[in-house]
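The values are calculated or read from the model by the stated rules, or taken from the named source; none is laboratory data. Since this is a predicted model, take the numbers as computed values, not measurements. Methodologically, a virtual Cβ is constructed for each residue, glycine included, from the backbone with ideal geometry; neighbour enumeration extends over all protein chains shown. When the accessible area is computed, the model is the full protein with side chains, heavy atoms only, and any ligands, DNA or RNA have been set aside. Shrake-Rupley method; radii C 1.70, N 1.55, O 1.52, S 1.80 Å.
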Amino acid sequence: MTLLITVFAAVISTVIWYNRKDDDMRLGILLFMFWGASLMWLVDAIFEYAELGAEYFTPALEDIINDAFLGLSVVALGLVIWVVRLLIADPKGKVRSILKKTAV
Amino acid sequence: MACFLVSAAEAAVVKVVESVEEKKEQQALENGSENVSANVIPWSVRLRWLFNMLMGGAVLLAFEHVWHGEVTPWFPFLTAMSDPGDAAEMFHEMATVGVCMALLITAAWGVMCVAANAIVKRPEAAPQETKD
């Protein structure tokens, strides 16, 4: 479930990146992060499948819920990292102009 | 257990190589070197893609390990390190799962670089009309 949610996040962020109007949103970081995590969880899933066999595809409901919760939390963390990096980089200079206005 | 550490270590090495490569490219640009081709993606950019994939994946997987209680904010940080049996299992997992993760990401990046170069070198086509 975590793998699935991360793959969806990777595909959605890639589509948004492809349709972007400018490079100012630094979406590349977000999609590379999600694709990297997806590939890593894919390896994890392959090893787990090799160990459990067909049982891997019939997880308990509790495990599904926990994994889904984890997957959503991972996506949230990825988005937070991206937004923090975006605000620090401040490619449009908006943060700087707001801070300059408030500075005495 | 700590499989993300392999990718994180590779990411650190890639970052160092990327910095060196970036400096070389800047020097080449300043010197007006003829080796700088317009239709080739610079190595520093390609290495940045790899770093972002490796480090991004490692950070998100580290969070998963915190979630499962395998990583703690206090010494020895990895719960498996407190027991020799668990530590041996952890090192085995790093050598198998961790190395496979790093290899798969590097392989995917290699394919991406080849595809990206092919796309850059492809002649620009006229916009296609939709048939339906």
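Sequence-ordered 3J(HN,Hα) estimates for the stretch B:17-26 from the Karplus curve with 6.51, -1.76 and 1.60 and θ = phi - 60° stand at 4, 4, 4, 4, 5, 4, 5, 4, 5, 5 Hz, glycine and proline given as x.
Under a 5 Å amide H cut-off, with hydrogens placed 1.01 Å from N, B:LEU78 pairs with B:THR72 among residues at least 5 apart or on other chains. Considering only A:TYR56, A:TRP41, A:LEU79, the residue lying farthest towards the positive end of the dipole of chain A is A:LEU79, judged by Cα position with unit charges set on Cβ. Computed from point charges on the beta carbon alone (+1 for Lys and Arg, -1 for Asp and Glu), the dipole magnitude for chain B about its Cα centre is near 420 Debye.
Label separation (A:ASN19 vs B:ALA12): 4.1 nm, computed from points 7 Å beyond Cα along the C-beta direction.
Counting 0.36 nm for each residue step from B:PHE75 to B:ALA107 and taking away their Cα separation leaves a gain of 8.1 nm. Placing pseudo-labels 7 Å out from each Cα toward the beta carbon at B:SER82 and B:TRP67 gives an inter-label distance of 2.2 nm. Loop-located chymotrypsin sites (Phe, Trp or Tyr not before Pro) across the stretch B:40-132 with a Cβ neighbour count of 12 or fewer within 10 Å are B:TRP74, B:PHE77, with loop assigned by DSSP. Annotation: extensible slack from A:VAL80 through A:VAL11 equals 23.0 nm (criterion: 0.36 nm per residue apart, minus Cα-Cα distance). Taking the accessible area of the stretch A:2-102, probe 1.4 Å, and keeping the other protein chains in place, the carbon and sulfur fraction comes to 68%. Filter chain A for me: DSSP H helices, axial length by Cα at least 20 angstrom, mean Kyte-Doolittle hydropathy not below 0.5. List them by residue number. For chain A, where a helix must reach 20 Å along its axis and average at least 0.5, the hits are A:2-18, A:27-52, A:61-89. Can you tell me the 0 to 90 degree angle between the C-alpha axis of helix B:99-121 and the longest principal axis of chain B, rounded to 10? The helix B:99-121 is inclined about 10 degrees to chain B.
Our summary gives chain B a relative contact order of 40 percent, counting only alpha carbon pairs under 8 angstrom and 6 or more residues apart. Placing unit charges on the Cβ atoms only, positive for Lys and Arg and negative for Asp and Glu, gives the protein assembly as shown a dipole magnitude near 1520 debye about its Cα centre. Here each label is just a point 7 Å from Cα along the line to Cβ, and for B:SER19 and A:ALA45 those points are 3.6 nm apart.
Here the calculated FRET efficiency for A:LEU4 and B:VAL40, from their Cβ-Cβ distance with R0 = 35 Å, stands at 0.45, rounded to the nearest 0.05. For B:LYS23, a cut-off of 18 angstrom between C-alpha atoms picks up these lysines, skipping any fewer than 8 places away in its own chain: B:LYS15.
Assuming charge only on the beta carbon of Lys and Arg (+1) and of Asp and Glu (-1), the dipole of the stretch A:2-102 about its Cα centre is about 1220 debye to the nearest 20.
Projecting the Cα atoms of B:THR106, B:PHE51, B:SER19 onto the dipole axis of the protein assembly as shown, where Lys and Arg carry +1 and Asp and Glu carry -1 at the beta carbon, places B:SER19 farthest toward the positive end. Cβ-Cβ distance of B:GLN26 and B:VAL120, R₀ of 22 Å, FRET efficiency by 1/(1 + (r/R0)^6): the value works out to about 0.60.
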